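Working notes for the structure below.
The values are calculated or read from the model by the stated rules, or taken from the named source; none is laboratory data. Note that the structure is a prediction, hence the values are computed from the model and not measured. Cβ placement follows ideal geometry from the backbone for every residue including glycine, while neighbour counts extend to all protein chains displayed. Accessible surface areas use protein heavy atoms only, side chains included; no ligands, DNA or RNA. Shrake-Rupley method; radii C 1.70, N 1.55, O 1.52, S 1.80 Å.
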Amino acid sequence: MKVKDFVLLLLLTLGGLLVHGYHPWAEDAEIYLPGVEKVLHPELFPFNAQFFEAHAHLTLFPNFIAVSVRLSHLPLEAVLFFWQIISIFLLLLACWQLIGRCLPDQRACWAGVGLVAALLTLPVTGTGLYILDQYVNPRNLVAGAGILAIGRVLDEKYVQAGLILACAAAIHPLMPAFALSYCAVVLCIEEFDRRFATLACLLPFGISFAPPSPAYHQVALSHTYHYFLQWQWYELLGAVAPLALLWWFGRVARSRQLRNLDLLCRALIVYELVYLPAGVVLSVSARFESLARFQPMRSLYLLYVLFVLFAGGLLGQFVLKNRAWRWAALFVPLCGGMFIAQRALFPASAHIEWPGASPKNQWVQAFEWIQSNTPRDAIFALDPLHMHIAGEDENGFRAIAQRSMLADAVKDSGAVSMFPPLAETWLAQVEAQNGWKTFQARDFHRLRAEYGVNWVVLQRPGAPDLDCPYQNAAVLVCRVN
């Protein structure tokens, strides 16, 4: 790689960070980061650790981040920020290498990579995923691995492709399986026949399943993104429309003798035309609910990344060309719109939550006070839907406060949707918190008697007759004596 190319990729990485923001404790960080914290401090989370350890035991992510902390002697916040930057850079690097194998014009290549950078937080229709999250997680770390592997397959370096995907699978077991099946489709189309390509897409589904329990069924009802037929019409359109555009991209590529681009577009169509029926079949009956957790429609993630990359490349080659005003007309409003969308998504938090900076969000302020001022074996209860409260900004209690809590109805239910044996425990704890917004002191004492809860976090105005050593304009932290 030339120095100029490295600098441009680095600038795009920083630009992506500035446009899309950084929120280290938000959303799925509540699932992944407590596993890291428990590796670093095994005495943490003596209660309900199973809700994050179920994920942690299937991946090297917690150990990888913990080793980074120990080797660098840096705070966890600094290490997480570093790996977020690296995740963005590696994804853009992989995209730059792949599009360079498809299009001869360097401007077109940079247009493709630039469009990916501008759309990092583009939702992948119906799946609950972004191209890249605003916080580091296993999916971010391996986002570029599948793209790199596809490039190695085009170069006929199959061993390298396999090693890349194997390493990625150690960090995130599911997403590299989709990249593997796509690589197999590319090989089958190129070397054999399209009929054999459909078999390659079945690779992630050789897994047995048992009928779901009633408790698991209740969890499934709240996770419609697992079930294709429960998507909104616009989400269904978002799954089908890219296939028509990819067909058109392939025709353009064939007319211009862009062989690799044509091959990858045709392979994407075959790849998704197998996963789409799988998503439909797993949505038609409750008996398939326990299998639906393998989420065949997350195959759309790879399709979206490649679709955006190819669309940007073709725009660069045939529309933007060397006209600076055209580049500005595309990217300035696009980046501005993505920035505004992210500010609307996290309105009570800083756009970039820099490591070591004092938090702006009042819920995070309370969670940080808890980390510094309560016993490590304390057990907390919060509104089971606290991550959806206006102003909370989807920040994870466990990840920030580093304390045990009763199961919630947001991220813990996500863990249950992937690991059905947790369903009964989860349901019992969530039902014990029904009517949370009207709880009084006697209800909190009931939680103490049943589960050992000795602290609660309450949204103002709170409840009477509780000792609350911390409070701010939004939150009270109270003892249950």
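Here are the numbers for the structure shown:
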{"quantity": "Over the chain: helical MRE at 222 nm, DSSP H runs n ≥ 4 each giving -39500 (n - 2.57), nearest 500", "calculated": "-18500 deg cm²/dmol"}
{"quantity": "Local electrostatic count, TRP369, Cβ distance below 14 Å [Lys/Arg +1, Asp/Glu -1]", "calculated": "+1"}
{"quantity": "Relative packing of 458-466, 365-373, 141-149, which averages over residues the other C-beta atoms within 10 Å, highest first", "calculated": "141-149, 365-373, 458-466"}
{"quantity": "Dipole magnitude of the chain about its Cα centre (Cβ charges: Lys, Arg +1; Asp, Glu -1), debye to nearest 20", "calculated": "1520 debye"}
{"quantity": "The chain - accessible surface per residue (Å², probe 1.4 Å)", "calculated": "41 Å²"}
{"quantity": "Selection from GLY35, PHE45, PHE228 lying farthest towards where the dipole of the chain points positive, charges on Cβ", "calculated": "PHE228"}
{"quantity": "Cross-link partners of LYS157 among lysines (Cα-Cα below 29 Å; sequence separation of 8 or more within a chain)", "calculated": "LYS2, LYS4"}
{"quantity": "Partners for LYS411 among lysines (Cα-Cα distance below 25 Å; same-chain residues under 8 apart left out)", "calculated": "LYS38, LYS360, LYS437"}
{"quantity": "Protection-proxy order for peptides 42-52, 179-189, 157-167, 108-118, each taking the mean of Cβ atoms within 10 Å per residue, highest first", "calculated": "108-118, 179-189, 42-52, 157-167"}
{"quantity": "Heavy-atom accessible area ranking, 1.4 Å probe, most first, across ARG343, ARG139, ARG376", "calculated": "ARG376, ARG343, ARG139"}
{"quantity": "ASP377/ALA473 FRET efficiency (R0 22 Å; Cβ-Cβ; nearest 0.05)", "calculated": "0.15"}
{"quantity": "Where labels lie 7 Å past Cα in the beta-carbon direction, separation of LEU60 and LEU237 in nm", "calculated": "4.4 nm"}
{"quantity": "Dipole of the chain, positive end: most advanced residue of TYR271, PHE380, GLY414 [Cβ charges, Cα centre]", "calculated": "TYR271"}
{"quantity": "Rel. contact order, % - alpha carbon contacts under 8 angstrom, at least six apart, the chain", "calculated": "21 percent"}
{"quantity": "With DNA, RNA and ligands ignored, accessible area of SER72 (1.4 Å probe; Å², nearest 10)", "calculated": "50 Å²"}
{"quantity": "Among (1) 1.02; (2) 1.06; (3) 0.97, the entry that matches Cα Rg over 2.2 N^0.38 Å as calculated here", "calculated": "(1)"}
{"quantity": "Cβ-derived FRET efficiency at R0 41 Å, LEU74 paired with GLU191, nearest 0.05", "calculated": "0.30"}
{"quantity": "Of all accessible heavy-atom area on the chain, the percent that carbon and sulfur account for (1.4 Å)", "calculated": "63 percent"}
{"quantity": "Farthest positive-ward along the chain dipole, Cα basis, beta-carbon charges - from VAL185, LEU458, PHE439", "calculated": "VAL185"}
{"quantity": "³J(HN,Hα), Karplus 6.51/-1.76/1.60, whole Hz, each residue of the stretch 65-70, x for Gly, Pro", "calculated": "5, 5, 5, 4, 5, 5"}
{"quantity": "Karplus-derived HN-Hα couplings along the stretch 11-28 (A = 6.51, B = -1.76, C = 1.60, θ = phi - 60°), whole Hz, x at Gly and Pro", "calculated": "5, 5, 4, 5, x, x, 5, 5, 6, 9, x, 8, 9, x, 10, 8, 6, 6"}
